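Single-structure report; data block below.
The values are calculated or read from the model by the stated rules, or taken from the named source; none is laboratory data. Just so you know, these numbers come straight off a predicted model, no measurement behind them. FYI the Cβ positions are ideal-geometry reconstructions off the backbone, even for glycines, and counts take in every protein chain you see. Each accessible area value is taken on the protein alone, full model and side chains, heavy atoms only, with ligands, DNA and RNA left out. Shrake-Rupley method; radii C 1.70, N 1.55, O 1.52, S 1.80 Å.
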Amino acid sequence: MATSEILTFNEAHAPHENSVEAFHKILGEMKFEILKSRRHWDQHEPKMWSKASGLSDDELTGFTLENDLVLVRSAPTSYGQIILGKLRIPALEDGYVHIRIHDPPGGGPEDVKFHSIFTEEGHKNEAGNPTTWNAIHTLDKPLEFFNE
């Protein structure tokens, strides 16, 4: 299993053509998973997607990769490449979703797989329970490895 201790990510940068192509392969699934995550969290902890509470599904997933995939990072693994992406939600002033995808070795972008969305449960209280929840981040939130 990949961990931040064993992975060496490149610096966050504007996406190159190969990153955009990789994200394009899973664009429909990615939008589906964003909506699925919002519905799941709305049942359990509505604060997770609260920054998008006034948005329709179409507004939440109304991004295009050419305009809204603003940053990427990648790291090689023994089983391919992990690629992280920061996607702007155009309907929000400063709202971004962090996505993790996987590109297995040797197959080109055709075999790219959606992995996960970064949902942050933070600021633990004395009992160790989170007091903040974020699936939508700001531009200044670093694009870092997550294992969800």
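Here the strands (runs of 3 or more DSSP E) wholly within the range 33-148 that include at least 1 residues being closer than 21 Å to Phe9 by Cα are 69-77, 80-88, 96-103, 113-117, 120-124.
For the range 130-145, the set of residues classified as open to solvent by less than 80 Å² (accessible area, probe 1.4 Å) and touching a residue at least 60 places away in the same chain (Cβ under 8 Å) consists of Thr132, Trp133, Asn134, Ala135, Ile136, Pro142, Leu143, Phe145, listed by residue number. Remark: pairs (first residue in the range 27-45, farther than 18 Å from Tyr96 by Cα; second residue of a type outside the set (Asp, Glu) and not in a helix (DSSP H, G or I); Cβ separation under 8 Å; 6+ apart in sequence or on different chains) = Glu45/Trp133. May I ask you to list the residues in the range 94-129 that are closer than 20 Å to Glu45 by Cα, over 15 Å from the mean Cα position of the chain (by Cα) and open to solvent by 30 Å² or more (accessible area, probe 1.4 Å)? Within the range 94-129, His123, Lys124, Asn125, Glu126, Ala127, Gly128, Asn129 qualify. Scoring Thr61 on the criteria (1) out of contact with any helix residue (DSSP H, G or I) (no Cβ under 7 Å at 6 or more places or on another chain); (2) crowded, with 19+ Cβ neighbours inside 10 Å; (3) among the polar types (S, T, N, Q) leaves a single failure, condition (1). Across the range 30-58, the number of residues qualifying as over 16 Å from Ile117 (Cα atoms) and open to solvent by 80 Å² or more (accessible area, probe 1.4 Å) comes to 4.
Sort out which residues of the range 1-29 are part of a helix (DSSP H, G or I) and open to solvent by less than 60 Å² (accessible area, probe 1.4 Å), and write them in order of number. The answer is Ser19, Val20, Ala22, Phe23, Leu27, Gly28.
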